[in-house]
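Q: Sharing a structure with you now.
The values are calculated or read from the model by the stated rules, or taken from the named source; none is laboratory data. Keep in mind the model is a prediction, meaning the values are calculated, not measured. All Cβ positions, glycine included, derive from the backbone under ideal geometry; neighbour counts span all protein chains shown.
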Amino acid sequence: MKSRWIDVRSADNRDFGAFVASPPTGAGPGILLIQEIFGVNEHIRGVAQQYALDGFTVLAPDLFWRTEPRVDIGYSQADFAKGFGIMQKTDFTKAVQDLGAAAGALRALPECKGKVASLGYCMGGLLSYLTAVSGAVDGAVCYYGGGIGDHLGVAGKVRVPILFHFAAKDQYIPLTAVEAVRKAFAAHRSATVHLYPDVDHGFNCWGRPMYNQKAAVLAHGRSLEFLSTL
């Protein structure tokens, strides 16, 4: 497995960084991995490598580059405050455009063979959903995407398979929002919503106290099964 940083050209003709992890086989389908508010940090790079070992070519773009390039922070209260502050300054319309550019860059990589899906966590879960709305990817996986429930007016624009993972004890996403997502996608033939009992927001991140190994493994397996059908 190999990893490196590359430059991606934005729609407004500027360059920003993206971390790329390639599979041991040298090539595979693409995953556009979308960060949390903590940047393309050690965990996100680890997730990229995890999926690369599963046979995917993974590209994780630096979505905070317009405010502070290469943010790489942990999970202390100070880190959370910093990441949240940068997120508040982030133009999500431009972020989705940057994700479209990143998806194009991923498709152009020689080691990317096949379809490209987005996969994101928290803020990245929302952006994975919005990237599916934009039509830039062939499928989308959304882990505990905060704010998806506030953007269901565009759910009908999602024409690709989509998978949602939610935590039953999420302190940021109420169960009413999860049910609203279920209802909005009830008629979508390739949409699945999974709710994990007794776990909190961020259960996939092994660097945080809410990490839950069983839920993380189950969700990872379901994500792989989903990605294998694209």
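Q: For the structure I just gave you, tell me whether V141 is in contact (Cβ under 8 Å) with a residue 24 or more places away in the chain and either within 25 Å of Q213 (Cβ to Cβ) or under 15 Å from the mean Cα position of the chain (by Cα) (or both).
A: yes
Q: Just need a number here: residues in region 154-195 that are of a type outside the set (A, V, I, L, M, F, W, C), at pLDDT 95 or above and within 20 Å of V137 (Cβ to Cβ).
A: Of the residues in region 154-195, 9 are of a type outside the set (A, V, I, L, M, F, W, C), at pLDDT 95 or above and within 20 Å of V137 (Cβ to Cβ).
Q: Sticking with this structure for a sec: Return the only residue of D79, D62 being out of contact with any Asp or Glu (no Cβ under 7 Å at 6 or more places or on another chain), surrounded by fewer than 24 Cβ atoms within 10 Å (Cβ to Cβ), under 19 Å from N204 (Cβ atoms) and of a type outside the set (S, T, Y).
A: Of D79, D62, the one residue that is out of contact with any Asp or Glu (no Cβ under 7 Å at 6 or more places or on another chain), surrounded by fewer than 24 Cβ atoms within 10 Å (Cβ to Cβ), under 19 Å from N204 (Cβ atoms) and of a type outside the set (S, T, Y) is D79.
Q: Still on this structure, I have one more. Just to confirm my filter: which helices (runs of 4 or more DSSP H) fall fully inside region 52-151 and include at least 2 residues that are over 22 Å from G26 (Cα atoms) and either hydroxyl-bearing (S, T, Y) or in contact with a Cys (Cβ under 9 Å, 6 or more places away or on another chain) (or both)?
A: Correct list: 123-134.
Q: Which residue out of R208, R182, R222 is of a type in the set (K, R) and under 20 Å from Q35 (Cβ atoms)?
A: Testing whether each residue is of a type in the set (K, R) and under 20 Å from Q35 (Cβ atoms) leaves just R208.
Q: Under the condition of being in contact (Cβ under 8 Å) with a residue 12 or more places away in the chain and small (G, A, S), which residue from region 71-96 is nearest to F16 (Cα to Cα)?
A: Step one: filter region 71-96 for residues in contact (Cβ under 8 Å) with a residue 12 or more places away in the chain, giving 71-75, 79-80, 83-84, 86-87, 89-92, 94-96.
From the residues that got through so far, the ones that are small (G, A, S) too are 74, 83, 95.
Numbers: G74: 22, G83: 18, A95: 12 Å.
Step by step, filter region 71-96, then rank; the result is A95.
Q: Also, quick follow-up: Are any residues in region 145-167 closer than 20 Å to F226 by Cβ and out of contact with any Asp or Glu (no Cβ under 6 Å at 6 or more places or on another chain), and if so, which ones?
A: Of everything in region 145-167, those that are closer than 20 Å to F226 by Cβ and out of contact with any Asp or Glu (no Cβ under 6 Å at 6 or more places or on another chain) turn out to be G145, I148, A155, K157, V158, R159, P161, I162, L163, F164, H165, F166.
Q: Condition first: in contact with a Leu (Cβ under 8 Å, 6 or more places away or on another chain), surrounded by fewer than 22 Cβ atoms within 10 Å (Cβ to Cβ), more than 24 Å from F80 (Cα to Cα) and of a type in the set (K, R). Can you find one or more residues in region 155-163 that meet it?
A: No, because not a single residue in region 155-163 is in contact with a Leu (Cβ under 8 Å, 6 or more places away or on another chain), surrounded by fewer than 22 Cβ atoms within 10 Å (Cβ to Cβ), more than 24 Å from F80 (Cα to Cα) and of a type in the set (K, R).
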